[in-house]
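Have a look at the structure below, then the notes.
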Amino acid sequence: MSTGSHLTELRKKHQALSDAIETEQRQPAADDLSIKKLKLKKLHIKEEIERLSATV
């Protein structure tokens, strides 16, 4: 997989996590632990995107 396509996939995953976090936060009985885990995954993907973008 080329770096460009890998970045595209990471950006898609990042957006999907953003959507999942937003949906979870709108729930009346939102699970804080679940939201925290999603945010952590999102942060790791963001860091990977930044790392790969710096090398391109």
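The numbers here are math on the coordinates, done by the rules we state, and not lab data. Since this is a predicted model, take the numbers as computed values, not measurements. Quick reminder, even Gly has a Cβ in these numbers, built from the backbone with ideal geometry, and neighbours come from all protein chains shown.
Could you compute how fast region 3-55 diffuses translationally, taking Rh as the Kirkwood radius over C-alpha pairs and applying Stokes-Einstein at 4 °C with viscosity 1.567 mPa s? Give it in µm² per second.
Details: Rh = 11.7 Å.
Calculated translational D: 111 µm²/s.
What ranking of L38, L10 emerges when the number of other C-beta atoms within 10 Å of each C-beta is taken as an exposure proxy, fewest first? It would help to have the intermediate numbers written out before the result.
Working: L38 20, L10 17.
If I rank by nearby Cβ atoms, fewest first, I get L10, L38.
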